[in-house]
Every structure is written in C-alpha cells, then in structure tokens.
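Take a look at the structure set out below.
The values are calculated or read from the model by the stated rules, or taken from the named source; none is laboratory data. What you are looking at is a predicted structure, and each value in this text was computed from that prediction instead of being measured. Every residue, glycine among them, receives a Cβ derived from its backbone with ideal geometry; neighbour counts consider all protein chains shown.
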Amino acid sequence: MVTLSLLLGLGVLFLLATVLLLPFPDVNLPLPGLPRPITATVANVGDGDTLRVNMADRPVTIRLACIDAPESAQPGGVASTTHLRQLLPVGQFVGVRRVDIDFYGRTVAELYRHGQSVNVQMVREGHAVVYPQYLDGCPGTRTTLLSAEAEAKAARRNFWSQPNPEMPWEWRRRHRRRRRSTAPPTCIQETVAGMGAGKPALIGR
C-alpha cells in the first residue's frame, strides 16, 4: 500500500515537473487555424518594410503586413533599412504567412525568423510603426504589435526619439501633394498661325 502511494506521489510530481518545464507558447506565432508560414530564403532587403525572397523556386517581393517603416528620405528611414538587413541577411531562412496581394503586386505577409515575428521585432525596436488601417490582417499578432509599439514609444527608441515624429503614411501624403503642386503641366503646344484658325492653342493631357 505504501509502495503504491509512493508511486502515485512520484507520478504526480513527475507530471507537475513536466508541465512546469514546458516552454511557454510563442505569442509571435500565428494563432491556431491560420495558415502555417511557408519557408523562404532572403534575397535582398529594399527598405524597412520591403524585401525580396526566394519562395517555391521563384522570387517574391514581400511587403511586411500591418506595419509601416519610415521612407528612405524620411528621418529614421536609413536606420530602419539597415536594421532589417541585419535581422534578415541574404540567405536567411524565414517563414512567410501571406496576408494579401497589394496594388503593386507585392505579397503582403508576416515574416518569422527563429519562430519570432520580424514585423513585431521591427516595431518593438522602433524601426517601424503599426499601420492601423491594415491591422486586421494580423489577428495572431495584433495585440503584440500594439504593445510593442507602446513599449518603443515609451522608451523613445529610434523613430520615436524625434520630438514630433511624422507617421510614414502622412509623410508620403504630404510629399505627393508637394510633387503635384510643383510639377509643370503636361501639355501639347500647338503653334497656330493666328488665333482665328479654329484650333485651341493649348491642349491639356
């Protein structure tokens, strides 16, 4: 009887020890029910949220989902690109979880390196910000992305070290407006002998 009780006690202790020693689930992995990432290798990094990978024996341009990195000409843009290149050197294996295809034909995706979300890492280090407009595309990392941004902002990391950081999408919008306002009109100039010829002198295109 004593032996049976002892064995049962040891069995319970063994089970408890096994549970306590199990690794905690990685919050950066996709939630159950979401597609598993497809393995790819990094070919090159374009900027802080765009890169090219080799996936299924073909080159694919990836736009990191749910985040936005400062543009190259924007404060923090060069540092963002440099950091992503350090995280993802050429030949690095990554997991790609496709979210969508964007207007430019790029694969919008969450990337995983060593089981960790690259998208979240970029935001946590202050090299990218959460893109609220597209956050619904990342249900598995939505909460983590928001908390990572709050952490980076509170610590004034990189992009957030500026006194008044301008969001990348606002920077792009402002510069598009500026380009439109300063661009000369495109037109076809017709030389008309006399204004009574019945043809317009300037035709806009």
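Residues in the range 61-84 that are surrounded by fewer than 19 Cβ atoms within 10 Å (Cβ to Cβ), in contact (Cβ under 8 Å) with a residue 12 or more places away in the chain and outside any loop (DSSP other than H, G, I, E, B): 61, 79. Taking the numbered list (1) in a strand (DSSP E or B); (2) surrounded by fewer than 23 Cβ atoms within 10 Å (Cβ to Cβ) in turn, residue 121 passes all entries but (1). In the range 47-72, of all residues being more than 24 Å from residue 142 (Cβ to Cβ) and touching a helix residue (DSSP H, G or I) at 6+ places or on another chain (Cβ under 8 Å), the one that is modelled with the lowest pLDDT corresponds to 72.
Looking across the range 129-165 at every residue that is out of contact with any Gly (no Cβ under 6 Å at 6 or more places or on another chain) and of a type in the set (Gly, Ala, Ser), the one that is farthest from residue 77 (Cα to Cα) is identified as 140. Scanning the range 34-53 for residues that are under 22 Å from residue 69 (Cα atoms) and among the polar types (S, T, N, Q) gives 41, 44, 50.
Scanning the range 108-117 finds one or more residues that are out of contact with any Gly (no Cβ under 8 Å at 6 or more places or on another chain), buried (at least 20 other Cβ atoms within 10 Å of the Cβ) and within 23 Å of residue 142 (Cα to Cα). Does any residue of the range 128-137 turn out to be part of a loop (DSSP other than H, G, I, E, B), surrounded by 16 or more Cβ atoms within 10 Å (Cβ to Cβ) and either in contact (Cβ under 8 Å) with a residue 40 or more places away in the chain or of a type in the set (Ser, Thr, Tyr) (or both)? Taking every residue of the range 128-137 in turn, at least one turns out to be part of a loop (DSSP other than H, G, I, E, B), surrounded by 16 or more Cβ atoms within 10 Å (Cβ to Cβ) and either in contact (Cβ under 8 Å) with a residue 40 or more places away in the chain or of a type in the set (Ser, Thr, Tyr) (or both).
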